[in-house]
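Heads up: the structure comes next, in structure tokens.
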Amino acid sequence: MLAKTLIRSIPDFPQPGVLFRDITPVLANARALREVVGLMADYAEDRGAEAIVGIESRGFVFGAPVAVECRLGMVPVRKVGKLPWKTVRCEYALEYGTAAVEVHEDAIRPGQRCVIVDDLLATGGTAHAAAQLVERLGGVVAGFVFLVELEGLAGRARLEGYDLL
């Protein structure tokens, strides 16, 4: 897969000890971007997705074209205070403190099958919070799709019971 060969690892960004995965070369390469979007769209279609849920912010970068490819709408899951209408919020634990994400309360219909898209799976906290929001609104998490997985951070374990690409 071309995209995997383009992802750069940048040490000590944004702070010492962090190995940042830079996906911008994938975004800049039309062939790689088409490949990634196509694979994600195939996954969503195979799982009977009825909506694509994109997690802020890089999940929007992949979620929107996947939704277009699948002829579906995209539901944004955003940081607190970024959505203009009535929202449902889910807090989750970070290593030091907590964070939260929100979705519009009318964004997902009961029973609607949703595939959650993000660029990177690390600890799984944000992805798990997005799944909780989908389920709180009555939706079904049909699966998760990520471009990169940091296997050493055990995010997959946090999403146990869900299907992941």
Compute the length gained on full extension between residue 12 and residue 79: take 0.36 nm times their separation in residues and subtract their Cα-Cα distance, giving the result in nm to one decimal.
-> 21.7 nm
Cross-link partners of residue 4 among aspartates and glutamates (Cα-Cα below 20 Å; sequence separation of 8 or more within a chain) | 22, 35, 42, 118, 119, 149, 151
Rounded FRET efficiency, nearest 0.05, which uses the C-beta distance separating residue 105 from residue 2 and R0 of 41 Å = 0.55
For residue 74, solvent-accessible area (1.4 Å; no DNA, RNA or ligand), Å² | 60
Counting only the heavy atoms of the protein chains, how much of residue 4 is accessible to a 1.4 Å probe, in Å² to the nearest 10?
-> 110
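Find the accessible area per residue for the stretch 55-165; the probe is 1.4 Å, ligands and nucleic acids are left out, and the unit is Å².
Working: 5540 Å² over 111 residues.
I get 50 Å² per residue for the stretch 55-165.
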When N counts the residues of the chain, how does its alpha-carbon radius of gyration compare numerically with 2.2 N^0.38 Å, as a ratio?
-> 1.00
Over the stretch 99-145, calculate the relative contact order: mean separation of alpha carbon pairs under 8 Å at least 6 apart, over the residue count, as a percent.
-> 53
FRET E, pair residue 89, residue 157, Förster distance 22 Å, beta-carbon r, rounded to 0.05 | 0.35
Which FRET efficiency, nearest 0.05, do residue 30 and residue 149 yield, Cβ-Cβ r, R0 25 Å?
-> 0.55
Taking 153-161, 99-107, 129-137, 14-22 and ranking on average Cβ neighbours within 10 Å, highest first, one gets 129-137, 99-107, 153-161, 14-22
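The values are calculated or read from the model by the stated rules, or taken from the named source; none is laboratory data. Values in this document were obtained by computation on a predicted structure and should not be read as measured data. Glycine gets a Cβ as well: all are built from the backbone with ideal geometry, and neighbour counts include every protein chain shown. Heads up: the accessible areas ignore ligands, DNA and RNA and are worked out on the full protein's heavy atoms, side chains in. Shrake-Rupley method; radii C 1.70, N 1.55, O 1.52, S 1.80 Å.
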